[in-house]
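Visitor: Okay, handing you the structure first.
The values are calculated or read from the model by the stated rules, or taken from the named source; none is laboratory data. Values in this document were obtained by computation on a predicted structure and should not be read as measured data. For neighbour counting, all protein chains shown are included, and Cβ atoms are generated from backbone atoms with ideal geometry for every residue, glycine included.
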Amino acid sequence: MRTLLAESFTERDVTRLRRMVAEKAAQAGLRGSRRDDFVLAVHESVVNVVEHAGGRGYLRLWTVDGVVCSETIDHGSGIPNAFISPDHRPSERADFGRGIFLIRHLADEADFDTGPHGTTVRLTMRLPRRSARRDMRTIKGSAPGLGRFA
């Protein structure tokens with residue numbers, strides 16, 4: 001496991017965190033639309049803390065076993081079951097309720113642990129497989145009786 005980011009946040013940190021998540025996700029190997037999707041999903045989880053859970057939270061980002069993960073923690077009163085249901089689809093006219101829907105559809109996996117003492121949102125996105133050829137290095141040398149080898 002390699003920790004990429006771990007810090008408390010408030011409303012004033014939202015934009016900076018979004019940039020940092022994008023940077024760290026890129027460094028971990030996420031590219032293009034997959035990186036954009038992950039960054040937006042994490043951003044939505046942070047914004048939900050600011051808007052609905054008391055305005056203070058904790059964000060952690062890490063990689064493990066070919067996956068980039070985030071965890072957003074708050075100490076709010078929990079998310080109503082109707083919003084965290086996998087079947088929940090917000091109305092086009094709804095003023096709220098889109099964040100969790102987006103989170104579920106943008107990340108490869110989204111897990112919500114919620115109750116009256118707070119919520120933890122865990123998101124994962126698989127990293128692209130690295131080419132074994134790109135990881136291999138050529139070692140040049142020689143062996144007695146065998147000549148040069150590469």
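Visitor: Residue check: is Thr10 at pLDDT 95 or above and more than 30 Å from Arg129 (Cβ to Cβ)?
Guide: yes
Visitor: Quick one: Ser77 ticks every box in (1) under 15 Å from Asp13 (Cβ atoms); (2) out of contact with any helix residue (DSSP H, G or I) (no Cβ under 8 Å at 6 or more places or on another chain); (3) of a type in the set (S, T, N, Q) bar one, so which box is it?
Guide: For Ser77, the failing item is (1).
Visitor: For region 61-74, give me each residue that is under 16 Å from Glu109 (Cα atoms), surrounded by 17 or more Cβ atoms within 10 Å (Cβ to Cβ) and among the charged types (D, E, K, R).
Guide: Within region 61-74, just Glu71 meets the criteria.
Visitor: Go through (1) touching a strand residue (DSSP E or B) at 6+ places or on another chain (Cβ under 6 Å); (2) among the β-branched types (Val, Ile, Thr); (3) assigned to a helix (DSSP H, G or I) one by one and return the number of the condition Thr63 breaks.
Guide: Every listed condition holds for Thr63 apart from (3).
Visitor: Cβ contacts < 8 Å: first residue within 21 Å of Gly54 (Cβ to Cβ) and in contact (Cβ under 8 Å) with a residue 40 or more places away in the chain, restricted to region 1-20; second residue of a type in the set (Ser, Thr, Tyr) and not in a helix (DSSP H, G or I), any location; separation 6+ or different chain. Result?
Guide: Once the first residue is within 21 Å of Gly54 (Cβ to Cβ) and in contact (Cβ under 8 Å) with a residue 40 or more places away in the chain and sits in region 1-20, its partners that are of a type in the set (Ser, Thr, Tyr) and not in a helix (DSSP H, G or I) give Ala6/Tyr58; Glu7/Tyr58; Ser8/Tyr58; Phe9/Tyr58.
Residues checked against (1) crowded, with 16+ Cβ neighbours inside 10 Å; (2) modelled with pLDDT of 95 or more:
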{"residue": "Pro80", "(1), (2)": "no, no"}
{"residue": "Phe83", "(1), (2)": "yes, no"}
{"residue": "Leu102", "(1), (2)": "yes, no"}
{"residue": "His105", "(1), (2)": "no, no"}
{"residue": "Glu109", "(1), (2)": "no, yes"}
{"residue": "Asp113", "(1), (2)": "no, yes"}
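Visitor: Continuing with this model, one more query. Select from region 115-141 the residues that are polar (S, T, N, Q) and loosely packed, with under 10 Cβ neighbours inside 10 Å and write down the one among them that is modelled with the highest pLDDT.
Guide: Filtering first and then ranking leaves Ser131.
Visitor: Going by what's in this entry, would Leu59 be described as in contact (Cβ under 8 Å) with a residue 24 or more places away in the chain, farther than 21 Å from Pro128 by Cα and aliphatic (A, V, I, L, M)?
Guide: The answer is yes for Leu59.
Visitor: Among what's in region 11-60 and is in contact with a strand residue (DSSP E or B) (Cβ under 8 Å, 6 or more places away or on another chain) and β-branched (Val, Ile, Thr), pick the residue that is surrounded by the most Cβ atoms within 10 Å (Cβ to Cβ).
Guide: Within region 11-60, the match that is surrounded by the most Cβ atoms within 10 Å (Cβ to Cβ) is Val42.
Visitor: Within region 86-94, does at least one residue satisfy the condition of being assigned to a helix (DSSP H, G or I), modelled with pLDDT under 85 and either closer than 17 Å to Val42 by Cα or more than 14 Å from the chain's Cα centre (by Cα) (or both)?
Guide: No, region 86-94 has no match at all.
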